[in-house]
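Structure first, commentary second.
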Amino acid sequence: MIRVLLTGPGGQLGRALMASVPTSVELIALGRDQLDLTDPVACREAVLQHRPDWVLNAGAYTAVDRAESEPELAWAVNAAAPGALAGALAELGQGRMLQLSTDFVFNGEQGRPYLPAHPPAPLSVYGASKAGGEQAVLAGLKGGAHILRTSWVYGPVGRNFCLTMLRLHSERAALGAPLKVVADQVGCPTSTTGLAAACWRLIAKVAAGQSLQTILQWSDAGAASWFDVALAISELAQSLGLLERVAEVLPITTGDYPTPARRPSYSLMDCTATRSALELSGEPWRHALEAVLRQLAAAQP
Ligand SMILES: NC(=O)c1ccc[n+]([C@@H]2O[C@H](COP(=O)([O-])OP(=O)(O)OC[C@H]3O[C@@H](n4cnc5c(N)ncnc54)[C@H](OP(=O)(O)O)[C@@H]3O)[C@@H](O)[C@H]2O)c1
């Protein structure tokens, strides 16, 4: 059995991981009540106590805009905690770590998909703290560190763009008001189902002796703007009977919708090497979105 210590089991990805634990894995899931990621001493002790084969760090500070006014907290959870977890594994002399990271480590100025080796140049506190987490894990655990960057994560639970859009469609449609969505930020949505499968496959591949590149990238297949995703949500949710009425979706620019955090305008990641190494094809993002919306429709009373 592979002993995996999972942080953030109550988050979006955490829940998808919990729902798909392979039979070869013995899971030690430590939620916020069992392990506070702002406490590096507790992070070290958790690793020394449980002696896992893997730390799967799905815990993170993900409030991108709030991070601008809480940089210490974002850095503690996103950089110091992964560093402490990796350091403890190094101290033990055993174990590997899978650290989740983000497309927001890039500044989006390149204009074509980012390869894993491209140097991070984050625009926001969140992006910088996640880039700091990558560095802390790579420095703390030479040889046993694996970074998996992902983008625009959503699923049937948690705080995410898809669930926010469903709520806003209902609210705006009732008022007869349009839903204005940014159309000049391009990336790719990623369903927690496919992302969890990629995490488990990565661990299984390494356990089977395959050597992988240190930095991997996983998004669903294709590219989209937030406007494209909002429009797809309205079309699919209506056809699945999830929304009775939808608001008109109108494209706006980033300048029309100022936010505390700056976001990359083009943060698409090249996931080719990861798909090939993990022998997993990425699902087209609209198909993955439909599957999540179907799940939500089936769960409706
Ligand atoms: N969401 C996205 O769009 C996105 C995009 C790219 C990359 N990522 C990365 O993907 C990974 C998973 O993201 P996600 O969307 O699943 O995040 P999420 O839904 O926000 O979940 C984060 C988890 O971290 C836990 N956590 C936060 N602060 C903690 C603390 N001080 N002590 C212990 N636990 C703490 C939360 O606990 P509670 O449940 O108690 O709050 C939650 O379970 C993260 O590394 C994130 O940076 C996310």
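The values are calculated or read from the model by the stated rules, or taken from the named source; none is laboratory data. If you're wondering where the values come from, they're calculated on a predicted model, not measured in any experiment. Ideal geometry is used to build each Cβ from the backbone, glycine not excepted, and the neighbour counts take in all protein chains shown.
Looking only at residues that are more than 15 Å from Leu100 (Cα to Cα) and touching a residue at least 60 places away in the same chain (Cβ under 8 Å) in the stretch 67-89, which one is nearest to the ligand (Cβ to nearest atom)? Applying the filter and picking the extreme gives Ala67. Of all the residues in the stretch 245-260, those that are surrounded by fewer than 18 Cβ atoms within 10 Å (Cβ to Cβ), in contact (Cβ under 8 Å) with a residue 40 or more places away in the chain and not aromatic (Phe, Trp, Tyr) number 10.
Would you check which residues across the stretch 111-126 are out of contact with any strand residue (DSSP E or B) (no Cβ under 7 Å at 6 or more places or on another chain) and over 19 Å from Ser211 (Cα atoms) and list them? Within the stretch 111-126, Arg112, His118, Pro119, Pro120, Ala121, Pro122, Leu123, Ser124, Val125, Tyr126 meet the criteria. Could you list, in sequence order, all residues of the stretch 134-156 that are hydrophobic (A, V, I, L, M, F, W, C) and either touching a Cys at 6+ places or on another chain (Cβ under 6 Å) or surrounded by fewer than 15 Cβ atoms within 10 Å (Cβ to Cβ) (or both)? Correct list: Ala139 only.
Please enumerate the residues belonging to the stretch 192-215 that are within 16 Å of the ligand (Cβ to nearest atom), among the hydrophobic types (A, V, I, L, M, F, W, C) and in a helix (DSSP H, G or I). Walk me through how you get there before you give the answer.
Residues of the stretch 192-215 within 16 Å of the ligand (Cβ to nearest atom): 192-200, 202-203, 215.
The next check asks that each one be among the hydrophobic types (A, V, I, L, M, F, W, C); those that pass are 195-200, 202-203, 215.
Passing the criteria: Leu195, Ala196, Ala197, Ala198, Cys199, Trp200, Leu202, Ile203.
I'd like to know if the stretch 37-47 contains one or more residues that are exposed (fewer than 15 other Cβ atoms within 10 Å of the Cβ), under 14 Å from Leu5 (Cβ atoms) and either at pLDDT below 95 or not hydroxyl-bearing (Ser, Thr, Tyr) (or both). Yes - at least one qualifying residue is present in the stretch 37-47. Every test in (1) under 24 Å from Ala16 (Cβ atoms); (2) away from the ligand (no atom under 12 Å from the Cβ) is passed by Leu138 save one, and that test is (1). Summed over the stretch 276-287, the residues that are surrounded by 12 or more Cβ atoms within 10 Å (Cβ to Cβ) and at pLDDT 95 or above give a count of 8. Residues in the stretch 216-241 that are under 25 Å from the mean Cα position of the chain (by Cα) and part of a loop (DSSP other than H, G, I, E, B): 4 in all.
Being among the charged types (D, E, K, R) and more than 8 Å from the ligand (Cβ to nearest atom) is the filter here, so list the residues in the stretch 149-172 that pass it.
Across the stretch 149-172, the qualifying residues are Arg167, Glu171, Arg172.
Close contacts from the stretch 152-180, counting a first residue that is without any contact (Cβ under 8 Å) to a residue 40 or more places away in the chain and a second that is assigned to a strand (DSSP E or B) and within 11 Å of the ligand (Cβ to nearest atom), with Cβ to Cβ under 9 Å and a gap of 6+ residues or different chains, come to Leu163/Tyr154.
Quick one: in the stretch 250-268, of everything that is in a loop (DSSP other than H, G, I, E, B) and in contact with a strand residue (DSSP E or B) (Cβ under 8 Å, 6 or more places away or on another chain), which residue is farthest from Glu235 (Cα to Cα)? Per the stated criteria, the residue is Pro264.
Gly143 fulfils the conditions (1) near the ligand (Cβ under 10 Å from one of its atoms); (2) outside any strand (DSSP E or B) except for a single criterion, (1).
Looking across Ala223, Ala273, one residue alone is touching a Gly at 6+ places or on another chain (Cβ under 8 Å), surrounded by fewer than 18 Cβ atoms within 10 Å (Cβ to Cβ) and aliphatic (A, V, I, L, M). It is Ala223.
Scanning the stretch 98-126 for residues that are outside any strand (DSSP E or B) and either at pLDDT below 95 or within 10 Å of the ligand (Cβ to nearest atom) (or both) gives Asp103, Phe104, Val105, Gln110, Gly111, Tyr126. Scanning the stretch 99-131 for residues being closer than 18 Å to Gly143 by Cβ and crowded, with 24+ Cβ neighbours inside 10 Å gives a total of 1.
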